[in-house]
Amino acid sequence: MKPLALVIFFFVIVWGNAQTQSPPLPNNYFVIEGDTIINSSIELKEVVLFQPLRFYNYDEAKRYVILRDRTYRVYPYAKMAADRLNILTGRLKQIKSNRKRRKYLKRLENFIYNEFEKELKKLSRSQGRILIKLVHRQIGETIHQLVKDLRNGWRAFIYQTTASLFKLSLKDIYDPKTVYEDYLIEDILQRAFSEDRLERQDTALDYDLDSLYQYWKENKPKFIPKKSLQGTN
């Protein structure tokens, strides 16, 4: 499902006859939104084509839409985490003292907690689960490992224990190669990037979108509505 670049032709207004008092223009030019571009060619916008999604039934399509809305909701937080980590890594390299490093990390932790606490508390459990996966997508490490690396193992244990109270795990990974829902999230992200609905940020993980599309085209799991599961083991 890797984006396929196509050349599209913009509708441009070409002034075939210059105004009588205007100097003559070269033979090769374009006029776009009032600006004259003297050139024999023009750089065209890339168009991204995606394979059409096919759903077995209405319930499956509805679940995809819900997943899309949840992904739209939490992706900016995952991207922000990746951006902040890049800044953090750069600053930590300049701090040689372990004591000053710990102090800086503590201040940063408090800042992030105070800044995003209210917003993050608004997330549902399902949104929180997607956010944990997307942080792994953006950074390449789980939240549990990040806390362990930046703070310590005890702090990571405390955070993991707290998350488990909400039936979440900070050790969850983003794996579109083997988890169909993660593949759908990737599909949602790529479509949103192409439409400028979300700001693109490349994944830190290694997977090929073409291969993912082909694999799930052949191995897509059969969706069974919850109602049909009632009374079954």
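The values are calculated or read from the model by the stated rules, or taken from the named source; none is laboratory data. These figures come from a predicted structure and were not determined experimentally. Note that each Cβ is placed from the backbone with ideal geometry, even for glycine, and that neighbours are counted across all protein chains shown.
Could you check Lys62 against (1) modelled with pLDDT of 85 or more; (2) surrounded by 15 or more Cβ atoms within 10 Å (Cβ to Cβ) and say which number it fails?
(2)
Across the range 74-118, which residue is surrounded by the most Cβ atoms within 10 Å (Cβ to Cβ) among those that are modelled with pLDDT of 85 or more, within 19 Å of Leu170 (Cβ to Cβ) and of a type outside the set (Gly, Ala, Ser)?
Tyr75
I'd like the full set of residues that are small (Gly, Ala, Ser) and on the phi < 0 side of the Ramachandran plot, limited to the range 129-175. Talk me through it step by step, then tell me what you get.
Of all residues in the range 129-175, those small (Gly, Ala, Ser) come to 140, 153, 156, 163-164, 169.
Once the filter is applied, which keeps residues that are small (Gly, Ala, Ser) and on the phi < 0 side of the Ramachandran plot, the range 129-175 yields Gly153, Ala156, Ala163, Ser164, Ser169.
Which one is nearest to Arg54 (Cα to Cα), of the residues in the range 203-223 that are aliphatic (A, V, I, L, M) and in a loop (DSSP other than H, G, I, E, B)? So that I can check it myself, show each step before the final result.
Initial filter on the range 203-223 (aliphatic (A, V, I, L, M)): 204-205, 209, 212.
Those still in the list that are in a loop (DSSP other than H, G, I, E, B) too: 204-205.
Values: Ala204: 28, Leu205: 26 Å.
Of everything passing the filter in the range 203-223, Leu205 is nearest to Arg54 (Cα to Cα).
Looking at (1) outside the structural domain of Gln145 (by TED's automatic domain parsing); (2) touching a Ser or Thr at 6+ places or on another chain (Cβ under 7 Å); (3) at pLDDT 55 or above, can you tell me which one Tyr29 breaks?
Here Tyr29 clears every test but (3).
Residues checked against (1) among the β-branched types (Val, Ile, Thr); (2) assigned to a helix (DSSP H, G or I); (3) in contact with a strand residue (DSSP E or B) (Cβ under 8 Å, 6 or more places away or on another chain):
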{"position": "Lys103", "(1), (2), (3)": "no, yes, no"}
{"position": "Phe111", "(1), (2), (3)": "no, yes, no"}
{"position": "Leu123", "(1), (2), (3)": "no, no, no"}
{"position": "Arg129", "(1), (2), (3)": "no, yes, no"}
{"position": "Leu134", "(1), (2), (3)": "no, yes, no"}
{"position": "Ile158", "(1), (2), (3)": "yes, yes, no"}
{"position": "Thr161", "(1), (2), (3)": "yes, yes, no"}
{"position": "Leu170", "(1), (2), (3)": "no, no, no"}
{"position": "Leu198", "(1), (2), (3)": "no, no, no"}
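Under 6 Å between Cβ atoms, at least 6 apart or on separate chains: pull out the pairs that start in the range 47-66 with a residue that is on the phi > 0 side of the Ramachandran plot and end on any residue that is surrounded by 11 or more Cβ atoms within 10 Å (Cβ to Cβ) and modelled with pLDDT under 80.
none
Can you tell me which residues in the range 152-203 are touching a Leu at 6+ places or on another chain (Cβ under 8 Å) and aliphatic (A, V, I, L, M)? So that I can check it myself, show each step before the final result.
Of the residues in the range 152-203, the ones touching a Leu at 6+ places or on another chain (Cβ under 8 Å) are 156, 159-160, 163, 174, 176-177, 181, 183-190, 192, 198.
Listed by number, the residues that qualify are Ala156, Ala163, Leu184, Ile185, Ile188, Leu189, Ala192, Leu198.
What is the one condition in (1) out of contact with any Pro (no Cβ under 8 Å at 6 or more places or on another chain); (2) free of Cβ contacts under 8 Å to residues at least 60 places away in the same chain; (3) not hydroxyl-bearing (Ser, Thr, Tyr) that Leu184 does not satisfy?
Tallying (1) out of contact with any Pro (no Cβ under 8 Å at 6 or more places or on another chain); (2) free of Cβ contacts under 8 Å to residues at least 60 places away in the same chain; (3) not hydroxyl-bearing (Ser, Thr, Tyr), Leu184 fails exactly one: (2).
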